[in-house]
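A short worksheet on the structure shown next.
The values are calculated or read from the model by the stated rules, or taken from the named source; none is laboratory data. Source: prediction; values computed, not measured. Note: ideal-geometry Cβ built from the backbone for every residue, glycine included; neighbour counts use all protein chains shown.
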């Protein structure tokens with residue numbers, strides 16, 4: 001089945017102590033859509049300006065991503081510039097130029113309304129709501145977010161939580177949202193806000209799923225070298241939803257392996273700047289790493 | 001087979017925002033010996049003063065721990081006092097009174113020299129060396145340490161690494177020792193210093209084993225409430241070595257499950273002050289949690 005992905009479509013300029021990489025393909029929807037495309041057909045909903053490089057459109061196409069929902073608008077593409085420190089755990093934003101994102105309202109093309117899997121990748125909760133308003137009873141809705149929306153759009157986000165099946169956030173966001181240090185207890189509190197499935201991402205330490213059938217502790221793939229972690233969280237959730245949409249059977253039965261698939265795509269994402277490595281990967285490379293992870297946790 | 005455990009035997013006064021607990025049974029050897037005792041016969045080597053409460057001797061005995069190597073010396077038992085902040089990740093030392101530990105030299109009773117498994121729990125590397133000097137070709141030697149010895153006794157510690165089979169340390173110590181942020185790469189560098197097996201503890205995020213047969217990613221048991229993490233690392237390594245000593249077959253074949261057993265005993269340790277919870281646990285409670293962890297990582 002297919003996945004509708006809405007989120008940001010951006011140009012990222014990423015600086016590390018060793019190199020500068022201007023205007024890479026970036027944004028939550030770009031990472032999530034490419035990640036999901038390894039498993040299922042993907043429809044991208046987003047907006048870019050007239051300056052958006054054609055080669056990036058071709059990159060989406062190479063991954064079979066349906067671009068009918070990608071608006072091209074007069075103005076500049078959303079541009080984010082950031083800098084990482086040596087250990088890659090600390091980054092600071094150098095510039096955020098919203099461009100055409102400032103006035104973006106995602107309007108879905110006709111045949112998008114019936115997409116069974118919806119991934120509301122990181123973007124303003126108001127826009128995530130706007131997409132849901134246009135959907136006809138999707139089978140499964142996953143929302144991702146970031147600390148910014150907890151800070152400036154919490155009421156919108158809390159309303160959204162009552163409309164989604166699964167909510168994905170990182171450990172510091174879970175702490176911020178619930179005022180609770182313990183991840184397991186924080187996840188329980190988030191269930192009470194609406195979502196049946198709560199997934200807390202812990203970066204290099206993996207992720208935890210809290211669901212009606214209990215907890216699942218997902219490892220991260222142990223990388224020897226992280227080149228650029230930008231988009232790893234988006235890749236995780238993209239791979240997860242893409243996998244779910246590709247499988248028959250209940251969500252509960254598929255969610256664990258879905259998280260592992262997401263974790264593996266995220267690991268590839270970290271091995272190159274922007275989407276460089278992710279877009280060179282094949283499904284069999286992903287499957288091999290999933291199998292490897294299976295061996296790494298066996299006892 | 002039996003395990004010889006050498007380390008500190010102490011009285012711990014532990015303060016949290018909610019309570020004060022003076023003169024609990026503590027020390028690396030106490031935690032490690034009790035943890036190991038669930039799996040194998042244990043011989044404790046350490047020193048206490050005349051003030052050491054009889055009930056703590058009885059507690060060791062209740063766990064079948066051989067106390068022939070526990071010296072009782074004129075003076076005061078090593079006393080540590082510390083305080084935890086609300087989230088339990090930050091602690092500060094309020095007092096360290098070495099007492100009889102200041103002049104301690106571990107001398108092994110006759111029949112201790114042939115113990116097949118040796119656990120050098122956290123204690124000055126010079127004392128760890130001194131124990132090894134008295135051993136007759138043990139089957140397997142594991143050493144634990146702490147940041148203090150990296151700071152003040154690094155040459156001794158580096159010499160020790162060439163004499164042990166397995167070395168256990170936490171992630172920040174691994175970074176300190178190798179000047180390397182990536183845990184997997186740090187483990188590789190530590191192999192070059194001597195140990196065939198390197199285990200990096202990551203607290204609530206579990207542990208990683210690097211061995212000739214590859215990596216193993218061990219989860220931590222997801223606790224809803226941490227009462228007192230003091231001794232969790234000692235319990236981990238104690239449970240690990242106790243399990244190894246109880247099993248036939250190669251170390252490689254048993255090390256993964258040994259880490260899980262250690263992880264489970266450590267989880268119980270965190271649920272009470274000092275050794276209170278650990279000493280109330282039974283082997284079947286441990287086995288149940290090991291089975292639960294097996295389910296928590298399955299996908």
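Going through segment B:195-210 one residue at a time, which ones are outside any helix (DSSP H, G or I) and within 12 Å of chain A (Cβ to nearest Cβ)? Passing the criteria: B:200, B:202, B:206, B:207, B:208, B:209, B:210.
Would you confirm whether any residue within segment A:54-67 is modelled with pLDDT of 95 or more, part of a strand (DSSP E or B) and within 18 Å of the chain's Cα centre (by Cα)? Yes, some residue in segment A:54-67 is modelled with pLDDT of 95 or more, part of a strand (DSSP E or B) and within 18 Å of the chain's Cα centre (by Cα). Sub-6 Å Cβ pairs linking a first residue in segment B:70-89 that is within 14 Å of chain A (Cβ to nearest Cβ) to a second residue that is surrounded by fewer than 18 Cβ atoms within 10 Å (Cβ to Cβ) and not in a loop (DSSP other than H, G, I, E, B), at least 6 apart or interchain, are B:84/B:91, ordered by first then second residue. State whether one or more residues within segment B:178-189 are closer than 20 Å to residue B:147 by Cβ, part of a helix (DSSP H, G or I), away from chain A (no Cβ under 12 Å) and under 20 Å from the mean Cα position of the chain (by Cα). Among the residues of segment B:178-189, not one is closer than 20 Å to residue B:147 by Cβ, part of a helix (DSSP H, G or I), away from chain A (no Cβ under 12 Å) and under 20 Å from the mean Cα position of the chain (by Cα), which makes the answer no.
Among the residues of segment B:69-91, the one identified as exposed (fewer than 14 other Cβ atoms within 10 Å of the Cβ) and within 19 Å of the chain's Cα centre (by Cα) is B:89.
With respect to the conditions (1) out of contact with any strand residue (DSSP E or B) (no Cβ under 9 Å at 6 or more places or on another chain); (2) at pLDDT below 95, residue B:192 falls short on a single one, namely (2).
In this structure, is residue B:182 under 20 Å from residue A:203 (Cβ atoms) and in contact (Cβ under 8 Å) with a residue 40 or more places away in the chain? Considered against the rule, which asks whether it is under 20 Å from residue A:203 (Cβ atoms) and in contact (Cβ under 8 Å) with a residue 40 or more places away in the chain, residue B:182 comes out as no.
Residue A:219 fails exactly one of the following numbered conditions: (1) on the phi > 0 side of the Ramachandran plot; (2) within 9 Å of chain B (Cβ to nearest Cβ); (3) touching a residue at least 60 places away in the same chain (Cβ under 8 Å). What is the number of that condition? Failed condition: (1). Among the candidates A:237, A:226, A:265, the residue that is closer than 25 Å to residue B:218 by Cα, touching a helix residue (DSSP H, G or I) at 6+ places or on another chain (Cβ under 7 Å) and at pLDDT below 95 is uniquely A:226. Scanning segment A:268-294 for residues that are in contact with a helix residue (DSSP H, G or I) (Cβ under 7 Å, 6 or more places away or on another chain) and either within 15 Å of residue A:243 (Cβ to Cβ) or part of a helix (DSSP H, G or I) (or both) turns up A:268, A:269, A:270, A:278, A:279, A:281, A:286, A:289, A:290, A:293. Residues of segment A:248-265 include at least one that is more than 30 Å from residue A:92 (Cα to Cα), in contact with a strand residue (DSSP E or B) (Cβ under 8 Å, 6 or more places away or on another chain) and either assigned to a loop (DSSP other than H, G, I, E, B) or more than 11 Å from every other protein chain (Cβ to nearest Cβ) (or both).
Candidates are the residues of segment A:269-297 that are within 14 Å of another protein chain (Cβ to nearest Cβ) and without any contact (Cβ under 8 Å) to a residue 60 or more places away in the chain; the one that is farthest from the chain's Cα centre (by Cα) is A:295.
Tallying residues that are surrounded by 12 or more Cβ atoms within 10 Å (Cβ to Cβ) and without any contact (Cβ under 8 Å) to a residue 60 or more places away in the chain within segment B:92-108 yields 7. Among the residues here, residue B:163 does not qualify as more than 20 Å from the chain's Cα centre (by Cα) and more than 14 Å from chain A (Cβ to nearest Cβ).
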